[in-house]
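S.K.: Attaching a single structure in structure tokens format; questions to follow.
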Amino acid sequence: MRTIDFTALEKRFQMAAGLPSLTSVDEFFFKQAVNTRADLVWSRIKWPELQTLVEKTVAATTSPIAADKAVQIDNAVDIQDVFKVYNKNPLTDRSAILIDFQLINGYVVLPANSTQSSIFIMGNLVRPEYGKDSGEEQNVPMFLMNYLVAGCLSDFLRGDGQTEAAMQEEQRSEEYLALEMDRAERLEGQNKITFNTYPSYSFGVNILTTS
């Protein structure tokens, strides 16, 4: 995934806001705005850059739910939202199939009669805390760059009492986000598997379909 350094993103915001420098208060505001904005869009669609596949061990649990086959994900550090669950790694094993599951109280729960000892979960990454301090993630996804700069500028202008200018930047941020969502949807379409089907008549023509 292509990224932009948090400091470079902050510089872009500084230039957009027309500020010769950022005070410690400005830097704190920007960090909070970036993380709030990132939260708003992280799970809005299935961003290709944020998708991941992780293997999890299935086990019985009694609290906060009782289930014979379950995986806790609400405190997982490697996956946030669950899209699909497979019995095997679908990227390496052709026999992998989707399996039934339910999301209950922070757990992926399989049917009681399941024989799975582990599962492969397709979902998205956990959003890190962005910033420049130790322990914070400094690499921000590049596809969110324009949205975050315009959105944070809108928040900054609104806090400064420049309501009309803030609304304009808010609209600009949504336009940037719409462009990225359109790009992501096109990529998702390109990832569909193409296969041949044949008409009932024999004219030597193959019809391409997608699934």
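S.K.: Only one of the values [x] 40, 26, 14; [y] 43, 18, 15; [z] 32, 21, 16 was calculated from this structure for semi-axes √(5λ) of the Cα gyration tensor in Å; name its label.
M.R.: [x]
S.K.: Between N105 and K46, what is the FRET efficiency for a Förster distance of 25 Å, r being their Cβ-Cβ separation, to the nearest 0.05?
M.R.: 0.60
S.K.: Which order do E188, E169 take when ranked by solvent-accessible area (1.4 Å probe, heavy atoms of all protein chains), largest first? Spell out each step's value before the answer.
M.R.: On the way: E188 80, E169 30 Å².
Reading off the accessible areas and sorting them downward yields E188, E169.
S.K.: Working with all protein chains in place, sort R37, R12 by solvent-accessible area computed with a 1.4 Å probe, largest first.
M.R.: Details: R37 15, R12 120 Å².
So, going from the largest accessible area down, we get R12, R37.
S.K.: A59 versus A112, label points 7 Å from Cα toward the beta carbon: distance in nm?
M.R.: 2.2
S.K.: Using a Cα-Cα cut-off of under 25 Å, which lysines could be cross-linked to K11, ignoring same-chain neighbours fewer than 8 residues away?
M.R.: Partners within reach: K31, K132.
S.K.: Follow-up. Show the residues, 5+ positions off or on another chain, whose built amide H is closer than 5 Å to the amide H of I4.
M.R.: V140, M142
S.K.: To continue, here is another question. At 222 nm, what value in deg cm²/dmol follows for the chain if DSSP H runs of at least 4 each add -39500 (n - 2.57) and the sum is divided by all its residues, to the nearest 500?
M.R.: Here the helix-only value at 222 nm equals -12000 deg cm²/dmol.
S.K.: Here is a further query. With a 1.4 Å probe and every protein chain left in place, tell me how much accessible area K84 has, in Å² to the nearest 10.
M.R.: Spelled out: K84, probe radius 1.4 Å, area about 90 Å².
S.K.: Related question: With an 8 Å cut-off on Cα pairs and a minimum separation of 6 or more residues, tell me the relative contact order of the chain in percent.
M.R.: The normalised contact order for the chain reaches 23 percent.
S.K.: Leaving out same-chain residues fewer than 8 places away, which lysines sit with a Cα under 22 Å from that of K84?
M.R.: K46, K56, K69, K192
S.K.: Run the dipole for segment 1-45 about the Cα centre, Lys and Arg Cβ at +1, Asp and Glu Cβ at -1, nothing else charged, and hand back the magnitude in debye, nearest 20. Let's see the in-between values first.
M.R.: Numbers: 6 positive and 5 negative charges, 43 e Å.
My answer is approximately 200 debye.
S.K.: Roll a 1.4 Å probe over the protein heavy atoms and report the accessible area of T7 in Å², nearest 10.
M.R.: My reading of the accessible area for T7 is about 50 Å².
S.K.: So who's got an amide H within less than 5 Å of the one on K88, skipping anything under 5 residues away but keeping other chains? H placed 1.01 Å off N, in plane.
M.R.: Under 5 Å from the amide H of K88: I97, F120.
S.K.: Calculate the FRET efficiency for M181 and T23 from the Cβ-Cβ distance with a Förster distance of 45 Å, rounded to the nearest 0.05.
M.R.: So, using R0 = 45 Å, E works out to roughly 0.85.
S.K.: Select from Y86, N75, S43 the residue farthest towards the positive end of the dipole of segment 41-98; place +1 on Cβ of Lys and Arg, -1 on Cβ of Asp and Glu, and compute about the Cα centre.
M.R.: Checking the options against the dipole of segment 41-98, the answer is Y86.
S.K.: Taking a 1.4 Å probe, which of L157, L125 shows the most accessible area, and what order do the others take after it?
M.R.: L125, L157
The values are calculated or read from the model by the stated rules, or taken from the named source; none is laboratory data. Bear in mind that the values here come from a model prediction, so they are computed numbers and not experimental data. Heads up, the Cβs are rebuilt from the backbone with ideal geometry, glycines too, and the neighbour counts pull from every protein chain shown. We work out accessible area using only protein heavy atoms, side chains counted, and drop any ligands, DNA or RNA first. Shrake-Rupley method; radii C 1.70, N 1.55, O 1.52, S 1.80 Å.
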